[in-house]
Structure formats: structure tokens, C-alpha cells
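Take a look at the structure set out below.
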Amino acid sequence: MRDSQARTTYLKDYRPPPFTIETTDLEFNLYEDHVLVVAKLLFKPNDGSDEPAPNALTLHGHELELRRLLIDGKNLESDQFFKDDDSITIPGLSGLLEKPQQQFIVEIHTRIEPQKNTALEGLYKSKKIFCTQCEAEGFRRITYYLDRPDVMSRFTTTIKAERQKYPVLLSNGNNIGSGIDEKNPDRHWVTWEDPFKKPCYLFALVAGDLESLDDTFVTCSGQKVKLQIFVEEKDLDKCDHAMLSLKNAMAWDEEVYGREYDLEVYMIVAVDDFNMGAMENKGLNIFNTSCVLANPSTTSDSAFQRVEGVVAHEYFHNWSGNRVTCRDWFQLSLKEGFTVFRDSEFSADMGSRTVKRVEDVNFLKTVQFAEDAGPMAHSVRPDSYMEISNFYTVTVYEKGAEVVRMLSLILGQENFRKGTNLYFNRHDGQAVTTEDFVKAMEDASGIDLSQFRRWYSQAGTPVLNIIGNYEAGKKQYSLKVQQSCPDTPGQNNKLPFSIPLRMGLLNKNGIELPLRLKDEKVAESTDRVLTVNQETQQFVFLDVPERPVPSLLRSFSAPVRLDFDYSREDLYFLMVHDSDGFNRWNAAQLLASDIIRELQNCAASNSLQIVPPILINAYSGVLDAVLKPNELDKAMIAHLLLLPSEGSLIEQVEIANVDSIFSAREFIANALAKELEDRFAAVFEANSSDNPFKTDSGSIAQRALKNLALAYLVRIGSDYWVECCFRQFEEATNMTDQMAALRCLVNSDSKLAIDLANASLKAFYDKWKDEPLVVDQWFMVQASCQREGTLSQVKELLQHEAFEIRNPNKVLSLIRTFCGQNYIGFHHASGEGYEFLADRVLEIDTFNPQIAARLLAPLTRWKKFDPKRQSMMQTQLRRIKAETNLSKDVFEVVDKSTIN
Ligand SMILES: [Zn+2]
């Protein structure tokens, strides 16, 4: 048995570092089969530590070949220090120093082999480009160091390499010198100096044959900043959108948060092999190509929006993450939750606010709620971890963002801005905690946030159970609110949260009623935020002339499950009348979910399945609205007409029957298509214009609506619509339309579509095989195919010439799409899907533990399924756990997910 306790790091064990590193001088000599690194580190005992500096120095280091080690210029012999797999310790420090208890210099010479680094952490090679990924603990794979975020140092970096192969040499900060190697004129060097102190996880280095798209931005105080996006030459025509997004983000952060950029240059580099989306290294962001490159012919609209969001996210980190950073990794949400909130508000301002909210919440409710209900559930600020890479989760990011969003709602716009100003000013240049963030909000606003802090420490999704009661005689309407939160691993019996519940009341004509609570003299408004902070509470509204329909949790004002017994008529009513766009969408989802559940029951009892007229009326009403100009935001309509996803339907029930959810959902979608064919056809025609391609939110919405109508029409199965779809596939001038048509063909059961799908997939690959990001989409569309036999298709694709198991984008496109999004395929009753995933995890864990651990998520959701599937999923988890050489990453997930 392996001891999971011994591998665990606890928040309660945090101690300040014994030493600080004032300056970090790095020299890299890059060669084809290895790299020599010389680090000169100026150490000082840490004044901020309560304990005296110890007489030993321990540094982190992993997979390094140590060549030389010097202290204050004196070479250490091998008996003067000891090494293990993860560190080096120099005992008897005072005897080695010129001036004990004062500053000293440690010089470390290491040799590394980035070419063989398949984990993609530290310094590695992506095709011909040297690049780095140091968050969270990658820097220790470059040299020995105090690899922890509360050690902030001034970095100077010199890179030396062959001129021809690596004309571009980049690191953080400003370029302060360059030249030709005097002894070897084939080689050149560049020196970079970062004037800002930073933890080593923000270090970056890039060397390669790259071209750049250049631009400038003038900051609010008049500083000229050079902006550069570095890519391979063939991708230069795909950088405009990222550049525009960057400039918009810089301007937005000045206006909304008063944050100005602080270096002479801001650089983005795109690489193919990258475990994450992108990384905010100071002044030198490194991006997965999928989050930079965008061009109408190769990139779909959702990917355009993703590029905008990720570019902004990494830019915003310059303040929320870099200038003010995390004290330790338990505080990860300090930078991620806050920055996700910032980027989502930016995207809301650039496009449609309601649609952005719908997309974010849909993701949160499907993926984060599932995490909260599973074995890996943890609070926004976790208490412990075995492998920190496993905590880059939707809870830390997305739920963390929801927590900041609630703060902004509770404080109000003005106080929230005061709070962020105070936070940035008070902690500039420091490594701090989520507590410091909340404290700044409290100090700036004067609002007591003691109870609110539980959002950071208590895991799980709170449930709000609300009962409405109207008393006609008193003209009173009351809401009885009960809150609870399920137990999660290691946390039982949670205390009440402080939950902002935004709401309104509608009369039978859809008019919003003024809201006057008992003990109030006058009604404040028709939309307000109630504070729910006890286990049970009652809110009584006065002067309510008739039984109202309550609109609750508007804009999803808190990340909770809401339980209110709405009738179908109420939901239909809210879908049509609610002034809150988010709640109109939510009502549509609840209505459709309820009907899907009814159909599942009908199927189970072998009774006749009929789609109730209320749903058909609701959909036809929305479709009629589209055809009237300016009636509703088109992007919003496309969302209103989407049935709840299988993932969200699975999340809504205790034990999910995947097959019956799938069949009921299909049954309804097909019935809607047949009933409303004329209207879908009219919407399709009305939005199929030949306007020049644009990526503004109006044009994106128009394409979304057209392709949604097409998807319904192809369901009818008539040759007419299948041919129409095929025509769109062939004639499309942009990837959004082409991919939408391909997806319809691949998922249709019509005989004609099946023939056309195979030919189209082949034609598509032949056309795009030189564009890796398009090939990723091609893998995805096949992996998400809901027809029988997809798993064998996926297995065959593993052998395809374009599939590379070492490239994270390919693995995620094919394997994660199948296992994480194709519910009917992955959860096939044979259990083959589970075995397939376990095989791939074991294979990938031998060279890239981070990706292997991330792939495991669908197996950890075993609790949601029937006993037979549960047992098959457990069998695979146990099979993985039995493997002897598992990485820490995979071990932690299987250890927490298996029951004995
Ligand atoms: Zn981030």
C-alpha cells in the first residue's frame, strides 16, 4: 500500500520561506540535444519569517543533472550536500559562507534535455521551438531553486543559441542587450531583464524561428508599448484577431479597473504542444496555438470568442496574478477566480452580456456541479493536495469567479472598484491570500464579510429550497427559503452560507411588481437582492395585488441549486415575460428538462410518448419572434431553442439513466423539428445571407441561429434538407458553417446523410490536413458522433496519420471529446468505453501525467450512474490504481475515486 497521507501537502503546514532570493541571474546555452543552465542566486535570510534562518539550505529540483555547485564562489564537493529525486540540501551552511546570517550567492550549473521532456513542464521543445511552462512547479526542472510562489526575485536572463535555427530569443521583461558569440559566430545571445520581482512560476523562455505580427498600444499615461505576437511564418495571417483582442483588453482594464501595463513590450508566443490554454508569464505569454490563431476559413465562431477571452485573461493576470501573486498554491483562486471573473465581464462587454452569462452558467452547472458531487470535490481554497496540477479545476477557476461575482453584487459597482483599487495598491509586489482579497473588499466597503468567507472554505453546491405562498386576504406574498449543503469528502455538517438571491415578482400580465418587504416604508424597486444567510428564512412582500410568479436567482446571482416548484405554465410564462434574459433561458431549460423526464417515465412504463403542446407552443413562439425584426437578441434565441444538453440532464438527477435521457431528448428534438419545420425553414432562409464574413456579435448570432435551424431540419431526415446541408458543407466560405453542416451529416440517421458524411469527412481531411487546429475539429466531430459504433471509429482514429498521442490538443480532441462529451458512446452498457479510457490513461501517464490525470474526470463521476455501470467504472479505476509506476497526478485521482 502506498501512503497517501505522506504524499499530501496541507495548507495548515504553511510556513514563510526561510530565505528570499533577491536576484536570479540565468544563463541558458541551447544545443540540439541538451541545454546548459547556469543560475546565480543571491540569497538572504527572510526578515518576514518568525524563525531564525536554518543552518541548511534545501532547494527544489527534479530530473536535473547537477554539474557544479558553488557557494560564495567556492566549489562544493559531493560530500558537502545531498540529493534526492526532488531536492538538494546543503547542511552546515554557516561554515560555508563568507558572512553567516547575511546574504550569499549560490551558483548552480545544470544540464537538462528539453528534447526528451514529454511532460511539457519546465523547458521543453514543441516541434522546433524551445519553450517553457513553469506553473505550478515546472521551474524546478530547469535549475535548483526555492520553487514556491512566495519567493519573488528580480530575474535577468541570457539566452545563447545557434543564429540560423533560433533567430528569436525571448524572455521576460525588457531586452537590454544582444550580440554575436565572439568565439563562435554561428551563435548569438540576447539578455532580458525583468524589473519586477516575480515568483519563478512566471519565468518564461522561448527560442525559435518565429515571425511576429507587431503593433503598438499607448497606455492612459502615454507610455508606448510594443505588442508582438510570435508564430510560425505560415500562421502570420491568423493573428489579427488576437492582436485586436489584446488591444481591447488593455483599454478595458484601464477603464474598468484603472490598471495600466508596465513594461516596454508585451509578447505572445504560440506553440503547438501545450498542456494548458495559455500562460501569463510576465511580459511573455506562451499560448497554445488553439487560443491565439483565428482566421474565418479555419476557425469557428466559438473559437474566435475563445481567443478573445483567453488573450484577455492572460493579459489581466499582469495585475491579478503577477503584480499581486499567490502566497501558496492553496490560494490559486486568488488569481484565477478573480481573473476569470474579469475576463468574463470583458467578454460580456464585447458581445452579448446575457448570452455570455448563459454560456458560463451552463458550463458551471454541468461541469463544476458534477465536480462538487464527486470524489474530487474541494473548496475554492482547498485544504490539501497531493499534486497541485490536479487543482487547476473548474471549482478553483469558475466557482472562484462566481465567488468574486457575488462580492461585486453585494458591494455594488462603486464599492467593488474601491475594493479592487485598495487590493492592488495595498499588495502590489506581494504574494498574498484569498483572505487578503476579502479583507480589502471589507475595508473599502465597510461591509462585514465574515460569513461570506465560508464560500472559500466550504466545498459543495448549496441547495436553496424555496416555497412561495400568496395570501389574498392580506395581499402578501412570502418566500420561505431553506438552505443546505451536502457533505463532501472530509467536510460534513456545513454552516449556512451568505447567499445573494436576486429576484423579482411578475403579475399575470408579465408586469414587474414593486417589491416592499415587511418593515419597509416604500418599495425600493422591482428587482432586488435578498440576503439569505440562515438555515431557514422568510421574506414577506406587502401590497401584492394578485398571486405573482416569482423570478428567482436572476442572472444566477449565486452558484447554488435552486429548488422551487414551478408549474409548466409558470415556466412558459417566465420564458416569455421575464425581464431577466438569463432567467428566460433558464425557464426554457427547466420546462424542457421536466418534459424530458416525463417522456423517460413514459418509456419506462411502455406508455405512449407525446411531446406536450406547451413545449411546441413555447418553441414556435420563440421562432415567430425571430422572424419579426428586433424582437429579441438573435444569439439569445439560439440558446432559447437549444434543448438542455445530456450533461446538464445527467447533472439534474441523482442517478442518471444515460440511454433513456438520450432517447427522450432525441424524441423531443425530432418531434419539434417535424412540428415546426416551416418555421425552422423560414429562420434558416432568413439568416442565410451572403453578407461578407464578420466576427461581430450580430453576425455570430446570425450564423448560430441559422445552423441551429439547420440541425433541426436535418433531423427530419428528408433528402431535401440533407442535400441542403451537404450544399452548405460544400459551398461554405467559413469554418462555422462548414463544421455545422458536417456535424449534422455525421449525426444524422438518414441513409443519404450516412453516405454523404463519409465522403464529406474524407474531403474535409484532404482539404485541411496541413492545418493542425482544423484537424483537431475533424477529430472532435467524429468523437462526438452519437451513432452506434463510434468507439471503434475512435480506436481506428488513434492509428490515423494525423493523430499524435504526445500532442495534448490531439489527445483532448479525440479521447476527451469521446469520453467526456459523448455520453451515449462512453457509457455504452458493454463497459468498453471505460476500459478504453483506462487504457489511454495508463499509456499517457508514462509520458505526460498532467494530461493523463485530466482525462480521468469522466470515470470519477461513477456515482451518477446505475449500479452495473458504477461497478464497471470502479473496476477500471482500481485497475489503474494497481499499476505500480503511476505518477502522483494520476495516483491522487484514482486514490480518491476508488472505494474498496
Ligand atoms: Zn489564469
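The values are calculated or read from the model by the stated rules, or taken from the named source; none is laboratory data. Please read these numbers as outputs of a predicted model, since none were measured by experiment. Because the Cβ atoms are built from the backbone with ideal geometry, glycine has one as well, and the counts that use them run over all protein chains shown. Surface areas here come from the heavy atoms of the whole protein model, side chains and all, with no ligands, DNA or RNA. Shrake-Rupley method; radii C 1.70, N 1.55, O 1.52, S 1.80 Å.
One table, with the values for the structure above:
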read-out	value
Angle between the chain longest axis and helix 832-845 axis [Cα atoms, degrees, rounded to 10]	20 degrees
Over segment 630-673, volume per residue of the alpha carbon convex hull, in Å³	75 Å³
13 Å beta-carbon shell around residue 423, net charge (K/R +1, D/E -1)	+3
Percent RCO, i.e. relative contact order, over segment 346-429, from Cα pairs under 8 Å lying at least 6 residues apart	21 percent
Dimensions (Å) - segment 415-492, Cα atoms, principal axes, largest first	60, 36, 14
Derived scalar couplings ³J(HN,Hα) [segment 386-399; Karplus, 6.51 cos²θ - 1.76 cosθ + 1.60; whole Hz; x for Gly, Pro]	8, 10, 4, 4, 6, 9, 8, 10, 5, 5, 5, 7, 6, 5
Translational D in µm²/s for segment 454-553 (Stokes-Einstein at 37 °C, 0.692 mPa s, Kirkwood Rh from C-alpha pairs)	223 µm²/s
In degrees, nearest ten, helix 240-257 long axis to first principal axis of the chain (Cα)	90 degrees
Value of relative contact order over segment 99-212, rounded to a whole percent, pairs C-alpha under 8 Å and six or more apart	29 percent
Extension gain (nm, one decimal) between residue 448 and residue 251, 0.36 nm per residue minus Cα-Cα	67.7 nm
Computed Rg/Rh of segment 583-739, alpha carbon atoms with Kirkwood Rh	0.99
Alpha carbon Rg of segment 382-541, scaled by the compact-globule rule 2.2 N^0.38 Å	1.24
Charge sum, other residues only, whose C-beta stays under 14 Å from residue 775's C-beta, Lys/Arg counted +1 and Asp/Glu -1	-3
Relative frequency of Cα-Cα separations exceeding 13 Å in segment 79-145, percent	71 percent
Residue 109/residue 522 FRET efficiency (R0 51 Å; Cβ-Cβ; nearest 0.05)	0.10
Per-selection Kirkwood Rh - segment 801-892 (Cα, Å, 1 d.p.)	13.3 Å
For the chain: relative contact order, % (alpha-carbon pairs under 8 angstrom, 6 or more apart)	8 percent
Principal semi-axes in Å for segment 578-654 [√(5λ), Cα gyration tensor, largest first]	26, 15, 9
Estimated FRET transfer efficiency (residue 264, residue 472; beta-carbon r; R0 51 Å; 0.05)	0.15
Within segment 654-671: backbone nitrogen closer than 20 Å to the residue 829 label point (7 Å, Cα to C-beta)	655-667
Rounded D (µm²/s) - segment 720-830, Kirkwood Rh over Cα pairs, Stokes-Einstein at 4 °C, 1.567 mPa s	91 µm²/s
Burial order of peptide ranges 12-19, 316-323, 603-610, 61-68 (average beta-carbon count within 10 Å, highest first)	316-323, 61-68, 12-19, 603-610
Considering only the chain, percent of DSSP beta bridges that pair antiparallel, nearest 5	80 percent
Backbone N within segment 439-471 under 17 Å of label point (7 Å from residue 567 Cα along the Cβ vector)	467-471
Solvent-accessible area per residue for segment 251-389 (1.4 angstrom probe, square angstrom)	22 Å²
Estimated inter-spin distance, residue 653 and residue 821, nm [label 7 Å along Cα→Cβ]	2.4 nm
Listed residues 58, 813, 507: farthest to the positive end of the dipole of the chain (Cβ charges)	507
Added length on full extension, which subtracts the Cα-Cα distance from 0.36 nm per residue, residue 508 to residue 719	71.5 nm
Förster radius 60 Å - calculated FRET efficiency between residue 183 and residue 846 (Cβ-Cβ, nearest 0.05)	0.90
Order by protection proxy (mean Cβ within 10 Å, highest first), peptides 516-522, 105-111, 489-495	105-111, 489-495, 516-522
Under 19 Å from the residue 413 label point (7 Å along Cα→beta-carbon), backbone N, segment 495-525	502-503, 525
Stretch gain in nm, segment residue 425-residue 76, where the contour uses 0.36 nm per residue and the Cα spacing is subtracted	121.3 nm
Exceeding the 25 Å Cα-Cα cut-off - candidates 40/83; 238/634; 868/896; 12/99; 160/810	238/634; 12/99; 160/810
Ranked packing of 274-280, 685-691, most packed first, by mean Cβ within 10 Å	274-280, 685-691
Cα point-scatterer Debye curve for the chain, base-10 log of I(q)/I(0) at q = 0.06 Å⁻¹	-0.43
